[in-house]
1. Could you tell me whether segment 154-162 includes any residue that is crowded, with 18+ Cβ neighbours inside 10 Å and part of a strand (DSSP E or B)?
2. If you scan segment 90-128, which residues turn out to be under 16 Å from the mean Cα position of the chain (by Cα) and crowded, with 24+ Cβ neighbours inside 10 Å?
3. Which one is surrounded by the fewest Cβ atoms within 10 Å (Cβ to Cβ), of the residues in segment 362-375 that are part of a loop (DSSP other than H, G, I, E, B) and out of contact with any helix residue (DSSP H, G or I) (no Cβ under 7 Å at 6 or more places or on another chain)?
4. What tally of residues in segment 376-414 results from selecting those that are in contact with a helix residue (DSSP H, G or I) (Cβ under 8 Å, 6 or more places away or on another chain) and over 15 Å from residue 325 (Cα atoms)?
5. So, residue 153, is that one farther than 12 Å from residue 131 by Cβ, touching a helix residue (DSSP H, G or I) at 6+ places or on another chain (Cβ under 9 Å) and at pLDDT below 95 or not?
6. Can you tell which of 178, 127 is within 21 Å of residue 222 (Cβ to Cβ) and modelled with pLDDT under 85?
7. State the number of residues belonging to segment 290-341 that are over 14 Å from the mean Cα position of the chain (by Cα) and over 27 Å from residue 109 (Cβ atoms).
8. Which numbered condition in (1) touching a strand residue (DSSP E or B) at 6+ places or on another chain (Cβ under 9 Å); (2) farther than 30 Å from residue 282 by Cα; (3) surrounded by fewer than 18 Cβ atoms within 10 Å (Cβ to Cβ) is the only one that residue 380 fails?
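The values are calculated or read from the model by the stated rules, or taken from the named source; none is laboratory data. Since the structure is predicted, the reported quantities are computational estimates derived from the model, not experimental observations. Note that each Cβ is placed from the backbone with ideal geometry, even for glycine, and that neighbours are counted across all protein chains shown.
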């Protein structure tokens, strides 16, 4: 990094600071024309900390403050303006293949929608991988309908011993088969993440090779495994945004223990790298909202499992794609031999109205305001991405004609 900024072939701009939402230009050159302002009819010639003869002023530059005091003094810097580049998006899908997905043609409707998503031209370039749950533990569970404790149901992969149903006094083994409760079984993808459209055929073949046959819905272990794979992938691909998409039609069943979907989603979202969990509920599974909220995505996308499931599931996938894509941007890289000063980067937002503003920085996602504009680095101290806070992301995503630029070279404006 030379003098706090690096140069490139893109346009140079005079550095500006944001104060109460307004621009205040800090100029380092003479009173002649710059990108930010036109001088007055009488141009001052001050440089450095010595003011020249004051001009009449113009644009963002005020007139000289009387006598021979010019507008050219004071601290100043120049920034390089780079059009922001969205971070590549990778999605790891954890798809429910429990037997209840047979009901109301939910399996055929949702898989048809997923295939359509993979084949649409708009998804080209997105990385997608998939795994299904439940996975078989490889253990054959004995048929033991009644129990007092989990061990009564057979090996560790069997059970658990569930509380009695209403009006029925005896506990029962909730799983007749050997569905896996190990996150490690779900952290190995059936199809690893790879870019569309090339990977699309492989995933479609994978879907065709599966069917809804699992006897339980071990959502907690499945989601934890998906997150483990996504975090590993994100660590190896730090310039990408990696998210988990959980699609399920039921409440968690079949696995006891400390792993819950809400805990797994919250830990992933608040961890480093941060992994968001998007949730699609096939049917009115409102409890999945808490998983989405913990995973940093607000609420679940609820798809009617009995009608219009294909259209609604495809719409949900596209909305997830849009939400994940609009919020993260690459940090411009300097020429060879230069370093980046992460304290000299600003983000400029130009809405459709055309009036540009600088978005201030906050320390982390936890410091994001409920309303207003703000951004943060994905990994403090060694960032790879500029990430918009949720309120900012929502505002910018709705503004289809917005322009986002990264200004390099002036002290970062902090909220």
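1. Looking for residues that are crowded, with 18+ Cβ neighbours inside 10 Å and part of a strand (DSSP E or B), one finds at least one in segment 154-162, hence yes.
2. The answer is 91, 92, 93, 128.
3. Only one residue tops the list, namely 363.
4. Residues meeting the conditions: 1.
5. In short, no.
6. Every option except 178 fails the conditions.
7. So the count comes out to 11.
8. The one condition residue 380 does not meet is (1).
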